[in-house]
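The structure under discussion appears below in the form of C-alpha cells.
The values are calculated or read from the model by the stated rules, or taken from the named source; none is laboratory data. Predicted model only: the values in this text are computed from it and were never measured. No Cβ is skipped: glycine too gets one built from the backbone with ideal geometry, and neighbour counts run over all protein chains shown.
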Amino acid sequence: MCGAQQISYLRPLFMISKVLANLKIAALSPMQNAAIAASENSDDMLLLSPTGSGKTLAFLILVLKRLNKTKQGVQALVLVPSRELGLQIEQVFKQMCTGFKVNCCYGGHATRVEKRNLEHPPALLVGTPGRIAYHIRNQNINTNSICTLVLDEFDKSLEFGFHDEMKFIISDLRHLNKRILTSATVMEDIPDFTGVKNLQVLNFLSNDNAPPIGLKLKTVKAEGKDKIGALFSLLCTINSNATLVFCNHRDAVERISDLLFDKNILHGIFHGGMEQEDRERTLIKFRNGSHRILVCTDLASRGLDIPEIETIVHYQLPVTEEVFTHRNGRTARMHAKGIAYLILGENEYVPDFVKDEPEEEVLYSDVSLPAPSKWKTLYFAAGRKNKINKIDIVGLLLQKGNLQKEELGLIEVLDFSAYAAVKADKINKVVAIMRNEKIKNKKIKIEISE
C-alpha cells in the first residue's frame, strides 16, 4: 500500500529542477505547474490539454513524486492507446534520469521478452491495455503494489475499443489511491469502471477549438475527383518542408503512396495496419530527416513524437471538427508557424466547422521534384538488449567510419536494433568501410535502411 509518508512534494534526490536539466527544459509550463499544484488537493485528476502541450511531462512528474526507492514491484501504471505513445513515454522517463526502472509493454512483438523484463519489475510500467491485460491474466504482473494509475489519451483508448481491457485491468488494481486521466478533447462522461473520486478537472483546451496561433489555413482546388495531381504539385511547391499528408483510411494511404512513388516523390507511410517494426522505422526516418513527407491516417494525429512539422495536408477532408483540430495540432506548436492545406476535389467544399475563410493556394504545372533529403538512415542489427548504446555507435561512426560530427545526425537505439542518420553523400562509403567492423567485439550487420 502507498502511505502518505512515501509522498513528498520535492525529494532532494529528484528535484524538479534536476529533471528539467536532464530534459534540457528551462521551466515548466503554466499547465504543468497547475497540474502539479492540483495533485496535492485531490485524489484524482482529469487533465485536458491540446496535443503537444506537455501532458506527458506533467503526469510523469506527478508519478515520480509518488515512487519509493525502498519499495519493490510495479508502483505506477500508465495505459496508452498506441505502441508509439507508450514508447515515447518510456523514452521521456528514461531521459529524466530518475534512477527508477521503466518498461513498456505493447502488442505486435513477442511476449517472452516482456515476460523476462517483468521478472524484475519496473517501478513504472507503461503499456497498451491489451498487452497489460494479457500479462495480468498470465500472472506476469503482481498488481498489489500499484498505487498510481495514469490513463493517457483516455478518450482515444475508448475510441480504439479498449473499454473491456481497461475495465478488467482497473478492477484488478485493488490498492489505487491516485488516478490521473489525460485527454486532448472534452469528455462528456467518465466511465464508472475508472473508479475516479474527488475528481479535479484542469481544462487547458480552447473553448472554440480555434486553430493554433501560428497556423495559416489554405485550400488547393483539384481538377476532377482525382486529387493526386494536385497533391503532387503541392508537395513540389512545399519542397523540403516536414509534411504530414492525412488520409481517412489505410487503403487510401497505400494507394496514394504507390502513386507518389510512381512520380518519384520519396516519402514514408504510417497506419494501423503496418507491422510494429515497420511503423517504428518509418517514424525514425521521419524524425531524423531521411523522409520529409509522411502519408498517414489519423493515427499520426496524436501521441507521436514527431516534432517540428511545418506543413499539414488534408488530402482527404476530416470528417469531424475534432479530427481537424488534432491533425492541425501537429504543426504551429510552441509558438512556431505552420500551414494546413485542404485539397478540395470536384464537388468538395471547406467543411462548415472551419470558421475562418482559408486563402486559396494557386499551383503551377511547371514544378520541380522536392529536393532530396540530405540524410539517409543506417541500420544496425543490435540494440539495448545486446548492450549497445548511442555512445558505442557514435564512437564507431566517427572513429572507424571517418565521419565528422556534423555528418552524423539523430541516433535511436531500440531493443534489438539501432538507427543513425548519416549525410546522404557519405553513407555508401561508411557502409563499405565498416563492412567488417565490430561493436563490443561482436560483428553485426550494418546496412542502409531502405
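Test of understanding: among Gln88, Gln75, which residue is buried (at least 20 other Cβ atoms within 10 Å of the Cβ), at pLDDT below 95 and among the polar types (S, T, N, Q)? Give the derivation first.
Details: Gln75 fails: at pLDDT below 95.
After applying the criteria, what remains is Gln88.
Can we say Arg131 is part of a strand (DSSP E or B) and of a type outside the set (A, V, I, L, M, F, W, C)? Break it down stepwise before answering.
Numbers: part of a strand (DSSP E or B): no; of a type outside the set (A, V, I, L, M, F, W, C): yes.
No: the conditions fail for Arg131.
Out of (1) buried (at least 19 other Cβ atoms within 10 Å of the Cβ); (2) in a helix (DSSP H, G or I), what's the single condition that is false for Thr98?
(2)
Tell me, which residue of segment 260-291 that is crowded, with 20+ Cβ neighbours inside 10 Å and of a type in the set (Gly, Ala, Ser) is farthest from the chain's Cα centre (by Cα)?
Among them, the one singled out is Ser290.
Which of the residues belonging to segment 232-256 are closer than 14 Å to Cys296 by Cα and crowded, with 20+ Cβ neighbours inside 10 Å? If you could, list the steps in order and put the result at the bottom.
Looking only at segment 232-256, we keep the residues that are closer than 14 Å to Cys296 by Cα, and these are 242-256.
Ala242, Thr243, Leu244, Val245, Phe246, Cys247, Val253, Ile256, listed by residue number.
List the pairs whose first member sits in segment 423-447 and is small (Gly, Ala, Ser), whose second member is surrounded by 11 or more Cβ atoms within 10 Å (Cβ to Cβ), and whose Cβ atoms are under 8 Å apart, counting only residues at least 6 apart or on separate chains?
Pairs found: Ala424/Pro372; Ala424/Ser373; Ala424/Lys374; Ala424/Trp375; Ala424/Lys376.
Would it be correct to say that Phe232 is modelled with pLDDT of 85 or more and farther than 18 Å from Tyr341 by Cβ? So that I can check it myself, show each step before the final result.
Values: modelled with pLDDT of 85 or more: yes; farther than 18 Å from Tyr341 by Cβ: no.
Judged against the criteria, Phe232 is not a match.
Among the candidates Phe232, Phe270, Phe324, single out the residue that is in contact (Cβ under 8 Å) with a residue 24 or more places away in the chain and touching a Cys at 6+ places or on another chain (Cβ under 8 Å).
Phe270
Please enumerate the residues belonging to segment 282-305 that are among the basic types (Lys, Arg) and under 26 Å from Glu159 (Cβ atoms).
Initially, segment 282-305 is screened for residues among the basic types (Lys, Arg), giving 285, 287, 292, 302.
The answer is Arg287, Arg302.
Taking the stated definitions as given, is Leu79 closer than 20 Å to Ser157 by Cβ and touching a residue at least 12 places away in the same chain (Cβ under 8 Å)? Can you show your working first?
Values: closer than 20 Å to Ser157 by Cβ: yes; touching a residue at least 12 places away in the same chain (Cβ under 8 Å): yes.
Considered against the rule, which asks whether it is closer than 20 Å to Ser157 by Cβ and touching a residue at least 12 places away in the same chain (Cβ under 8 Å), Leu79 comes out as yes.
Among the residues of segment 164-195 satisfying the criterion of being polar (S, T, N, Q) and part of a loop (DSSP other than H, G, I, E, B), which is surrounded by the fewest Cβ atoms within 10 Å (Cβ to Cβ)?
At the first step, the residues of segment 164-195 found to be polar (S, T, N, Q) are 171, 177, 182-183, 185, 194.
Those still in the list that are part of a loop (DSSP other than H, G, I, E, B) too: 177, 185.
Details: Asn177: 16, Thr185: 19.
Top of the filtered list is Asn177.
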